[in-house]
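Trainee: Quick one: structure below, then a few questions.
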Amino acid sequence: MKINLRMSRKLLLQIHQDLARPHPFAFERVGFLACKVAETKPLGVTVFPYQYLQVEDEDYLNDVGVGAMMGPAAIRKALQFAYKSDVAMFHAHIHDHYGPPWFSDIDLRETNNFVPDFWHVRPTFPHGALILSRDSLSGLCWMPGRQKPLRISGFNIVGFPMTFIRQ
């Protein structure tokens, strides 16, 4: 199965701006992307992020073992948004370097713990996680009925300049 993600450059810049803001105690920030999804032929899916949801300062837990730890309120708010808005949800955070980013062991463990929770409110949608770098991004997508996530195979950033990232 081929999974592509297509978003506007304006939205990508908004995400970068939010993730770059300092936090009182967390070393980094995280957020969520509300997404629409379309099946593509043959056997593919395109994910269209359209709205960024920042995690509020008070919804982080003070955990020095990780860059940022969301508390239950952050996940509950994202679940409520997915339920009310009929959307797929993708978690996002940044690794502050150039080049293709990838998930750390902690990233993989934590996303495996909470991303499937979105199936409780939107069981027919894929949900996932994105890692941004200064000039690239990577992602994983959990498809309904599959235990393990799939790597997002391509990203299309729409706007000037248009950017294609293939994995």
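Trainee: Please name all residue pairs, on different chains or six or more residues apart, with Cβ atoms under 6 Å, provided the first residue is in the range 59-80 and is within 15 Å of S104 (Cβ to Cβ) and touching a residue at least 60 places away in the same chain (Cβ under 8 Å) and the second residue is in a helix (DSSP H, G or I) and among the hydrophobic types (A, V, I, L, M, F, W, C).
Mentor: none
Trainee: For the range 77-86, state whether one or more residues are surrounded by 16 or more Cβ atoms within 10 Å (Cβ to Cβ), part of a strand (DSSP E or B), modelled with pLDDT of 95 or more and touching a strand residue (DSSP E or B) at 6+ places or on another chain (Cβ under 6 Å).
Mentor: Within the range 77-86, none of the residues are surrounded by 16 or more Cβ atoms within 10 Å (Cβ to Cβ), part of a strand (DSSP E or B), modelled with pLDDT of 95 or more and touching a strand residue (DSSP E or B) at 6+ places or on another chain (Cβ under 6 Å).
Trainee: Here is a further query. Looking at P72, P123, P144, P100, which is the one that is of a type outside the set (D, E), surrounded by fewer than 15 Cβ atoms within 10 Å (Cβ to Cβ) and closer than 17 Å to H16 by Cα?
Mentor: On inspection, the qualifying residue turns out to be P100.
Trainee: Filter the range 18-38 down to the residues that are within 15 Å of the chain's Cα centre (by Cα) and within 19 Å of R134 (Cβ to Cβ), then identify the one that is surrounded by the most Cβ atoms within 10 Å (Cβ to Cβ). It would help to see each step written out before you state the result.
Mentor: Narrowing the range 18-38 to residues within 15 Å of the chain's Cα centre (by Cα): 18-19, 28-37.
Adding the requirement that they be within 19 Å of R134 (Cβ to Cβ) leaves 18-19, 28-31, 33.
On the way: D18: 17, L19: 19, E28: 17, R29: 21, V30: 23, G31: 21, L33: 25.
So the residue we want is L33.
Trainee: Out of the residues in the range 103-120 that are under 20 Å from A26 (Cβ atoms) and among the acidic types (D, E), state the one that is surrounded by the fewest Cβ atoms within 10 Å (Cβ to Cβ).
Mentor: D105
This table checks each residue for (1) over 14 Å from L5 (Cβ atoms); (2) of a type in the set (S, T, Y).
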residue	(1), (2)
K77	yes, no
Y83	yes, yes
D96	yes, no
W119	yes, no
A129	no, no
S153	no, yes
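Trainee: Determine, yes or no, whether A73 is in contact with a helix residue (DSSP H, G or I) (Cβ under 6 Å, 6 or more places away or on another chain), more than 14 Å from A129 (Cα to Cα) and hydrophobic (A, V, I, L, M, F, W, C).
Mentor: Working: in contact with a helix residue (DSSP H, G or I) (Cβ under 6 Å, 6 or more places away or on another chain): yes; more than 14 Å from A129 (Cα to Cα): yes; hydrophobic (A, V, I, L, M, F, W, C): yes.
So A73 passes the test.
Trainee: Can you list residue pairs whose Cβ atoms sit under 8 Å apart, with the first residue in the range 32-56 being among the small types (G, A, S) and the second being outside any strand (DSSP E or B)? Count only pairs 6 or more apart in sequence or on different chains.
Mentor: From the range 32-56, the pairs are A34/F81; A34/A82; A34/S85; A34/V87; G44/M1.
Trainee: Which of the residues spanning the range 1-54 are assigned to a helix (DSSP H, G or I) and within 19 Å of L140 (Cβ to Cβ)?
Mentor: L12, I15, L19
The values are calculated or read from the model by the stated rules, or taken from the named source; none is laboratory data. These figures come from a predicted structure and were not determined experimentally. All Cβ positions, glycine included, derive from the backbone under ideal geometry; neighbour counts span all protein chains shown.
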